Amino acid sequence: MRLAELTALFGQLDFPRAEDRTRPPRDQVRAVEGAVRAGLSDDELPLELLALEIERRDGAPDLAPFHVVPELGVRMAFAYWRPGRAAGAHEHSDWTVTAVLHNALDVATFDLDETVRARRLVPKRVFSAEAGRVGHIHGPCIHDPRNPTRSWSISLHLFGPHDGPVLEEQVGPIEGLSAPAPRAAAEDALSAALLAHERECVRRAQIDALARRGPAAAALLARLHARGDAGTRRRAARARGRTEDLDAQTVLARRWPGVDLDVASDAGRAELLARCGGRAQPLLRVEAWAAPALRALSVAGELRPRDIPGLAEAEQLALARALVDWGTFQPLEAQEN
């Protein structure tokens, strides 16, 4: 299946136009759910959708559409779930079709009638969804998806044109219900650096999803390799069966201008912190005995892994890779990125 066929299905099912607030019948939403499930069972549709996402949104982390079905207003978007991330309990007031494209999610649902009656969230059930699992919402609902794993997850969402929060306007505040929070613009050097890091994490999640798609994904992997930072390129190279890694002699140069690195120790642990103004962001945590290694790199403008003090070579390389993955240091020849 291709995107054009999926788009044509909405017309065949006579879905309401964008200006019509009529909800399509449930069997029509189920038909779209079935088409998405069939489309995700091979490589053609996932690769086409990811190609649009990569081209049009280029690693942007927020849930925004990469495609809108003309005249119907149906939005298609990917969501990216860092390990442990939860969306927060939120409302859907129009139909949706959701699929797990990569890794897994747990989804908590809530009893809508009892929640409205009690004015607080009343849990209903929790179910697990692995890659390839597809579901739908037809009427109003409250749920809270989360990523219970240690790897990034990706989900695909098709939204009806009128989906959005309406419940609290109708019945008043509900304890525990999350309002959609707008993404804050980068206000300082640290915010900009963290947003850049999140963009790279999105690209790496895309690489992990594409790595399972075989040779057909090679062109998209090459595109992500060309656009990413050193950590992303290293991941894309591995997915393409190539080697692009650091060694003990690689010269790493400091990035994130305007952001200072600092070390804090507490309860037998040491943390590397990024500081800007009065804000601090933990980057790495190690055992306290390795604090001298963090202090050395916190003041370095350039360093080689072999020069990080107090660590064995494998530990030096692991720390250097973590710094590159965060984007705080990059190989000297990669500074143009």
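The values are calculated or read from the model by the stated rules, or taken from the named source; none is laboratory data. All values derive from a computational prediction rather than experimental measurement. All Cβ positions, glycine included, derive from the backbone under ideal geometry; neighbour counts span all protein chains shown. What goes into the accessible areas is simple: the full protein's heavy atoms, side chains included, and nothing from ligands, DNA or RNA. Shrake-Rupley method; radii C 1.70, N 1.55, O 1.52, S 1.80 Å.
Over the chain, what percent of the accessible surface lies on carbon and sulfur atoms, probe 1.4 Å?
Roughly 49 percent, rounded to a whole number.
About the Cα centre, and with charges only on the beta carbon of Lys, Arg (+1) and Asp, Glu (-1), how big is the dipole of the range 188-337? Nearest 20 debye, please.
For the range 188-337, the charge dipole is close to 720 debye.
Subtracting the Cα-Cα distance from 0.36 nm times the residue separation, let me have the gained length for Arg82 to His157 in nm, one decimal.
Taking Arg82 through His157 to full extension adds about 25.3 nm, to one decimal.
Mind giving me the nanometre distance, one decimal, between the label points for Thr243 and Ser178, set 7 Å out from Cα along Cα→Cβ?
4.3
Any chance you could give the angle, 0 to 90 degrees and rounded to 10, that helix 313-326 forms with the longest Cα principal axis of the chain?
So the helix axis and the longest Cα principal axis differ by about 50 degrees.
In nanometres, what is the gap between the two model label sites at Val126 and Leu52, each 7 Å from Cα along Cα-to-Cβ?
3.4
Let me check I have the definition right: for the chain, take the eigenvalues of the Cα gyration tensor, multiply each by 5, take square roots. What are those semi-axes in whole Å, largest first?
Those come to 41, 25, 16 Å.
Would you mind checking the range 1-16 for residues with the amide N under 14 Å from a putative spin-label position 7 Å along Cα→C-beta of Asp27?
13-14
Label the range 65-182 by shape, choosing from rounded, prolate and oblate, from the square roots a ≥ b ≥ c of the eigenvalues of the Cα gyration tensor; if a/c is under 1.5 it is rounded, and otherwise prolate applies when a/b is larger than b/c, oblate when it is not. Don't jump to the answer; show the numbers that get you there.
Numbers: a/c = 1.91, a/b = 1.19, b/c = 1.61.
Oblate, since a/c reaches 1.5 and b/c is not below a/b.
Picking from Leu3, Val251, Val69, whose Cα lies most toward the positive end of the charge dipole for the chain (charges on Cβ: Lys, Arg +1; Asp, Glu -1)?
Value: Val251.
Taking a spot 7 Å from the Cα of Asp188 along the direction of its beta carbon, which residues of the range 241-268 have an amide N less than 17 Å from it?
256-263
With every protein chain present, what is the per residue accessible area of the chain (1.4 Å probe, Å²)?
48
To the nearest 20 Debye, how big is the dipole of the chain about its Cα centre, given +1 on the beta carbon of each Lys and Arg and -1 on that of each Asp and Glu?
The calculated dipole for the chain is roughly 520 debye.
Relative to a virtual label point 7 Å from the Cα of Arg212 in the Cα→beta-carbon direction, which members of the range 65-90 show backbone nitrogen distances below 18 Å?
Only 78-85 fall inside the zone, counting backbone N under 18 Å.
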